[in-house]
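Chemist: Below you'll find the structure I mean.
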Amino acid sequence: MGYELLGITVLWVFLFGYLIVASIDFGAGFFSYYSLITGKRHQINPVIERYLTPVWEVTNVFLVFFFVGIVGFFPDTAYYYGTALLVPGSVAIVLLAIRGSYYVFSTYGNRENTFYMFLYGASGLLIPAALSTVLSISEGGFIEERGGGVSISYGKLFTSGYAWSVVLLALVSVLYISAMFLTYYADKAKDAEALKVLRRYALSWSAPTIASSLLVFFAIRAHNPLHFDNMVANAWMFAASFVCFAVAVYFVWKGRFYNYAFALVILQFGFAFFGYGKSHLPYLLYPYLTIYEHFTNPEMAVALIAAFLLGLLVLIPSLYLLLRLFLFDSTYVQGKLGRK
């Protein structure tokens, strides 16, 4: 494996980690607000808060690593994507700031403020919608080199059926991943009341997730036939993703093996995410950027790969300790910590 493939693989691993962890966070925010307006907050919010309290600070670590790495490994991405991401990137940063403010206010202020909860819940959907535009832009057709510079056609982007199908997939995937995890977490906490509600959420968002996945799959056929052909060539990865989805939903529907169900959800999105990434290669942006023609020099590549692998060696044990000592500690997960 060359430095180019090794570099993009390491970055894709970080991005996949962000996909899973951030989806749980964003979806939990939406469900928290939804439970407030539907009168079910007292049923599921204790489970949601026990999850969010120890982990919300580390969610964006994966995203920071990815953005630093993509510019380090492929410097020309800053030139091509800089203008394109100005609007969605700025929106995402503002929304992330709003979420951070909510955590502060919820800790030191009024947790039941409806306006704060609305901002928190809405940002959980708007952030993935904004970030998903990067995937749409990477397929080409929206960015043009003109007059020695790069310009993006927001008119084409906002009227593209493919772009909106990606946004839809991002939204329902966030809610599905989050609901599946929170269902498992409620079962781990032995909270039957929360489990009943969250299990219903998980099953409700399963069908829209697979439907929107199929919609994106066929929408890309019209938008980028070359990428579609590559996806067909790697069809086994998407087939494996569907099998994982079917078994996970079956377990939840039968009301058992919630831990295996969520593990299968991770595999489901892992197969689909890496299948998409593999079929997208060698392009980072059709037809301008490839991993081979726009890679950094070998010395910088070795340094970056070493730094990112060391980062993983630090991050993974840290996350394990966080999960072991807090998130999945039997006393903490059942809300008994601090009780006499």
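The values are calculated or read from the model by the stated rules, or taken from the named source; none is laboratory data. Just so we're clear, the structure is a prediction, and the values are computed from it rather than from any experiment. Every residue, glycine among them, receives a Cβ derived from its backbone with ideal geometry; neighbour counts consider all protein chains shown.
Chemist: From 317, 287, which residue is surrounded by fewer than 18 Cβ atoms within 10 Å (Cβ to Cβ), modelled with pLDDT under 95 and part of a helix (DSSP H, G or I)? Give the derivation first.
Modeler: Details: 287 fails: part of a helix (DSSP H, G or I).
Result of the check over 317, 287: 317.
Chemist: While we're looking at this one, here's another question. Mind checking which helices (runs of 4 or more DSSP H) fall wholly inside the range 30-108 and carry at least 2 residues that are modelled with pLDDT under 75?
Modeler: Values: elements: 41-55, 61-73, 76-84, 86-108.
Filter on the range 30-108 gives 41-55, 76-84, 86-108.
Chemist: Related question: Aromatic (Phe, Trp, Tyr) and farther than 27 Å from residue 77 by Cα - does that describe any residue in the range 146-162? Show your work before the answer.
Modeler: Our first condition is that a residue be aromatic (Phe, Trp, Tyr); within the range 146-162, this holds for 154, 158, 162.
The next check asks that each one be farther than 27 Å from residue 77 by Cα; those that pass are none.
The answer is no; no qualifying residue exists.
Chemist: Here is a check on your reading of the model: is residue 247 free of Cβ contacts under 8 Å to residues at least 24 places away in the same chain and part of a helix (DSSP H, G or I)? Walk me through how you get there before you give the answer.
Modeler: Values: free of Cβ contacts under 8 Å to residues at least 24 places away in the same chain: yes; part of a helix (DSSP H, G or I): yes.
In short, yes.
Chemist: Would you check which residues across the range 143-188 are assigned to a loop (DSSP other than H, G, I, E, B) and in contact with a Phe, Trp or Tyr (Cβ under 7 Å, 6 or more places away or on another chain) and list them? Steps first, please.
Modeler: Step one: list which residues in the range 143-188 are assigned to a loop (DSSP other than H, G, I, E, B), which gives 147-148, 153, 159-160.
Once the filter is applied, which keeps residues that are assigned to a loop (DSSP other than H, G, I, E, B) and in contact with a Phe, Trp or Tyr (Cβ under 7 Å, 6 or more places away or on another chain), the range 143-188 yields only 153.
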